[in-house]
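The structure under discussion appears below in the form of structure tokens.
The values are calculated or read from the model by the stated rules, or taken from the named source; none is laboratory data. Computed from a predicted model, the values in this text were never measured in an experiment. A quick note on method: Cβ atoms are made from the backbone with ideal geometry, for glycine too, and the neighbour counts reach across all protein chains shown.
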Amino acid sequence: MDFAFTEDEERLRAEIKAFIARQLTPEVKAQLIAEREGHGRGPLAAAFFRDIYERGWLGVSWPKQYGGQGANRFAQYIVEEEFYRAAQLVIGGGGTGVPAVLAAGTEEQKRYYVPGSIRREISFCQGYSEPHCGTDLAGIRCRATRHGEIFIINGQKIYTTGAQAATHIYLMVRTDPNSKRQAGLSILLVPMNTPGITIRPLWTIQSDPPAPPKTTYGEPRTNEVFFDNVEVPATCLLGAEGDGWAVAQRGLNLDRVGAWRYLISVMRDEDIVNLIKKDEPPTEGLRQDPRVRDKLAELWTEGQVCRLMTMRSLSLEQRGGRFKYEGSAEKIWAPEHGVRATEAISQILGPYAQLLNGSPHAINNGVFAHNLLGAFQSTVNHGSVQVMRDQVARKGLGMPKQRN
Amino acid sequence: MDVLSDEQEALIQRTAGEFLAAECPPSLVRAVEKSEEKYSKQLWTKFADLGWLGLCLPEEQGGQGLPLTYLGLVLEEVGRYLAPLPVHSTMVPALVLASFGTPVQMKLLERVACGELLLSFGIVERSGRWSTDAIALSGRRDGNDIVLNGSKYFVDNFRIAQKCMVAVRMFGADGGDEGPAAVLVDTASAGIHCEPLLTTAKDGESVVRFDDVRVPQSNRVGAPRQGRAAVDALMDYASVFLVSQMQGAARRAMEFAVEYVKHREAFGQPIGAFQAIQHMAADMVNAVDGTQLLGREAVWRLSRGLPARVEVAQAKSFANEKCLMVCRSAQQMHGGIGFIAEFDLNLWYRRVTSWTLRGGTTYEHRARIASALLDTPGEVRLGRALELPAAAPD
Ligand SMILES: Cc1cc2nc3c(=O)[nH]c(=O)nc-3n(C[C@H](O)[C@H](O)[C@H](O)COP(=O)(O)OP(=O)(O)OC[C@H]3O[C@@H](n4cnc5c(N)ncnc54)[C@H](O)[C@@H]3O)c2cc1C
């Protein structure tokens with residue numbers, strides 16, 4: 001049992017912080033935001049990423065032979081945490097894309113995708129959800145038919161976030177037309193510039209006005225993606241044909257945990273305490289209010305549980321272990337904490353908490369209002385908290401499936 | 001960082017658990033509830049003979065000198081089996097002696113390690129408040145003695161202990177307030193009156209009155225200027241090791257409930273197949289796991305000598321709400337039967353209800369956390385430890 005980072009890890013954190021303080025200028029930040037909005041990469045952002053890359057901070061825990069640093073999961077976490085805190089930049093992490101390629105890819109795929117992702121020349125969007133099925137993913141209809149050495153893809157995906165900027169889509173398709181449910185699904189890694197792919201934006205509740213930095217689910221946009229006779233070589237297949245469900249499971253689990261998921265659930269807790277500590281209008285005096293003090297202490301404690309559950313997941317991963325129920329459990333606790341915190345904070349701030357980005361008198365650019373719009377989304381995506389509870393009960397406690 | 005138990009930790013916890021599983025059936029817990037002493041002497045002897053009491057005591061006093069985290073793990077098992085043993089009430093003051101005791105006081109630990117010396121401690125008074133400021137029992141210096149006057153409430157196992165560590169407010173011979181201190185008192189001293197209480201746990205709590213009780217000055221724990229630190233440590237150990245017990249007990253109650261719903265049928269299938277029951281179970285998992293993580297982090301910090309008041313407060317405030325929720329949900333899943341006295345589940349429910357109310361309530365601990373958050377300079381950040389301001393409420 002050890003609840004501290006090592007000295008080396010703390011040194012790494014200090015280095016990253018110093019780097020960010022020096023290099024992340026407002027001009028760089030602006031180009032990073034523009035890139036996220038689909039305007040391509042500006043020269044300052046490119047130079048910024050090159051600097052990060054040269055320090056070895058992209059792909060910290062990925063194997064050396066594919067351009068990573070081969071460091072442990074905690075070093076990777078520290079990099080992810082510091083860059084997300086500083087600029088909401090998601091570096092490495094997650095389970096879709098490279099971790100899935102490392103787990104299930106061929107040697108050739110690893111040599112192509114891993115170094116490319118580390119240099120940030122390759123990026124994935126996730127193509128799981130379809131209009132008729134999200135939670136119940138095994139109902140996927142988008143199909144890929146094999147013709148010798150090629151697949152032809154037809155169908156539609158929805159809520160494909162970041163499709164406008166990604167170079168590839170991590171696509172779950174039905175490759176066996178006669179299959180049902182989980183059997184007969186496969187994962188294809190498809191270049192987004194393949195002819196026959198159409199992207200249509202879906203503007204979110206956060207698009208007008210755009211959410212300020214640090215908003216939980218501040219995405220202004222997600223997408224629908226249509227596949228019309230899209231032809232790709234069979235080498236796009238990740239893992240065995242028909243094994244897509246198994247390939248995806250591990251990645252989905254990793255997507256449910258980690259620095260990003262943790263931070264989007266807890267940054268509120270810090271923001272509200274730091275705001276109230278200033279003791280300035282319009283929150284002047286709240287610092288002494290016993291109701292506010294009690295609620296903030298409660299939220300803070302819940303936030304600590306989010307942190308410790310994240311550390312538990314990393315500890316499991318670092319030991320090379322698999323999640324039994326822990327990833328799902330964390331995906332209940334952290335998002336629901338985010339919602340509880342968001343809603344409690346709004347009651348603490350009163351009518352100010354409804355003021356959006358750009359409104360006169362908005363607090364912290366309206367972040368608390370935008371959280372009210374976004375935080376609940378985290379309880380739905382990537383396995384809703386309902387389905388996560390099913391998993392904890394069944395996988396963690398061995399409870400039976402309901403008979404129909 | 002690795003928040004999971006390592007091999008040796010897991011081994012020690014498993015061994016303690018296996019011992020108690022074999023030696024401490026619910027029938028023993030029931031029998032002891034009805035006894036005068038409220039503990040099992042036989043089980044105590046076996047427990048001590050296996051060396052569990054000395055696990056984290058200094059090697060010079062016959063202990064094994066392991067970090068405090070090991071005691072936390074053993075107390076999780078004590079809670080799990082509701083072992084009717086004065087482990088908590090003995091080890092909490094023993095650890096204060098190990099950190100602050102004079103050489104003569106440290107010698108006592110040899111007798112603690114082998115199970116010969118049972119201890120108790122008194123902190124709370126008539127107000128029921130878990131706060132150093134609420135300590136009014138006076139210790140007036142008089143020649144070579146300290147004269148104690150006042151009452152301690154909710155003192156666990158006072159009647160079976162040979163000594164009690166009492167948190168007092170010291171006064172000089174001239175009447176000057178010298179602040180809080182911990183004093184060791186022989187429980188057989190003249191002027192002590194003990195009144196047993198009847199708690200939901202049906203264990204051995206009492207109110208203890210001290211009327212001009214004289215103890216030698218050498219019974220004061222630690223150097224004079226360490227009085228406050230000794231009392232703080234006494235309170236922190238008391239709270240955090242209750243969390244270990246509560247978590248172990250709540251986990252066991254959850255396991256009973258999960259077993260039960262897998263077999264109890266209604267509407268043509270096991271009730272455990274219904275999503276409403278499964279979702280309650282999933283919330284129970286997060287409640288006990290959350291308590292475990294917070295509690296273990298706090299104990300770990302104490303074991304490293306790091307400031308841990310805030311972590312202790314986090315763990316106890318969370319445990320109070322969540323462990324009770326878990327035990328109450330276990331009752332809910334059992335339907336009517338959990339309410340029947342003969343059914344074992346209520347042993348767990350009754351103990352956890354008591355334990356949530358000792359060693360600080362939710363609101364008291366949150367007041368401490370709030371103070372560390374709001375009454376200190378600078379910005380806060382999760383993952384960076386908080387410290388209490390000097391004048392924090394407690
Ligand atoms: C901003 C945003 C970004 C997203 N990004 C992506 C992305 O990049 N890629 C991608 O593939 N998808 C993405 N999604 C989709 C997301 O994963 C789905 O919305 C999610 O899986 C839920 O699916 P659904 O919307 O079809 O709702 P449904 O599956 O219809 O669920 C509706 C409700 O029913 C509940 N429910 C379903 N089944 C059960 C059950 N068995 N028991 C109890 N309750 C149940 C759910 O919990 C939910 O509350 C995104 C969504 C949003 C809003």
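Just checking, does segment B:79-102 include any residue being within 14 Å of chain A (Cβ to nearest Cβ) and either part of a loop (DSSP other than H, G, I, E, B) or not aliphatic (A, V, I, L, M) (or both)?
Restricting attention to segment B:79-102, the residues satisfying the condition of being within 14 Å of chain A (Cβ to nearest Cβ) are none.
No, segment B:79-102 contains no residue that is within 14 Å of chain A (Cβ to nearest Cβ) and either part of a loop (DSSP other than H, G, I, E, B) or not aliphatic (A, V, I, L, M) (or both).
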Among the residues of segment A:342-361, is there at least one that is crowded, with 20+ Cβ neighbours inside 10 Å and among the charged types (D, E, K, R)? no
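Taking segment B:285-298 on its own, how many of its residues are of a type in the set (A, V, I, L, M) and at the interface with another protein chain (Cβ under 9 Å from one of its Cβ atoms)? Before you say what the answer is, go through the steps one by one.
Taking segment B:285-298 as the starting set, the residues that turn out to be of a type in the set (A, V, I, L, M) are B:285, B:287-288, B:293-294, B:298.
Those left that are additionally at the interface with another protein chain (Cβ under 9 Å from one of its Cβ atoms): B:285, B:293-294.
The total comes to 3.
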Does at least one position in segment A:239-262 carry a residue that is modelled with pLDDT under 95, assigned to a helix (DSSP H, G or I) and within 11 Å of chain B (Cβ to nearest Cβ)?
yes
The condition from (1) at pLDDT 95 or above; (2) in a helix (DSSP H, G or I) that A:PHE5 misses is numbered (2)
A:ARG41 vs (1) away from chain B (no Cβ under 14 Å); (2) not small (Gly, Ala, Ser); (3) not in a loop (DSSP other than H, G, I, E, B): all pass except (3)
Within segment A:395-404, restricting to residues that are touching a Lys or Arg at 6+ places or on another chain (Cβ under 9 Å) and more than 7 Å from chain B (Cβ to nearest Cβ), the one that is surrounded by the most Cβ atoms within 10 Å (Cβ to Cβ) is A:LYS395
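Which one of these is away from every other protein chain (no Cβ under 14 Å), on the phi < 0 side of the Ramachandran plot, among the hydroxyl-bearing types (Ser, Thr, Tyr) and surrounded by fewer than 21 Cβ atoms within 10 Å (Cβ to Cβ): B:SER35, B:SER5? I'd like the intermediate steps shown before the answer.
Numbers: B:SER5 fails: away from every other protein chain (no Cβ under 14 Å).
Of the residues listed, the single one that is away from every other protein chain (no Cβ under 14 Å), on the phi < 0 side of the Ramachandran plot, among the hydroxyl-bearing types (Ser, Thr, Tyr) and surrounded by fewer than 21 Cβ atoms within 10 Å (Cβ to Cβ) is B:SER35.
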| Out of curiosity, is A:ILE152 in contact (Cβ under 8 Å) with a residue 40 or more places away in the chain, crowded, with 18+ Cβ neighbours inside 10 Å and of a type in the set (Val, Ile, Thr)? | no
Segment B:285-380: helices (runs of 4 or more DSSP H) wholly inside it with 3 or more residues that are surrounded by fewer than 20 Cβ atoms within 10 Å (Cβ to Cβ) are B:309-334, B:345-357
>> Being within 15 Å of A:LEU238 (Cα to Cα), within 16 Å of the ligand (Cβ to nearest atom) and not in a loop (DSSP other than H, G, I, E, B) is the requirement here; does A:TYR112 meet it?
In response: no
Restricted to segment A:299-320 and to residues being of a type in the set (D, E, K, R) and touching a residue at least 40 places away in the same chain (Cβ under 8 Å), the residue farthest from B:LEU4 (Cα to Cα) is A:ARG307
Only one of (1) charged (D, E, K, R); (2) at pLDDT below 90; (3) within 16 Å of the ligand (Cβ to nearest atom) does not apply to A:ARG119, and that is (3)
Result of the Cβ filter at 8 Å on segment A:374-393, keeping first residues that are at the interface with chain B (Cβ under 8 Å from one of its Cβ atoms) and partners that are part of a loop (DSSP other than H, G, I, E, B) and near the ligand (Cβ under 6 Å from one of its atoms), at least 6 apart or interchain, is A:GLN386/A:THR135
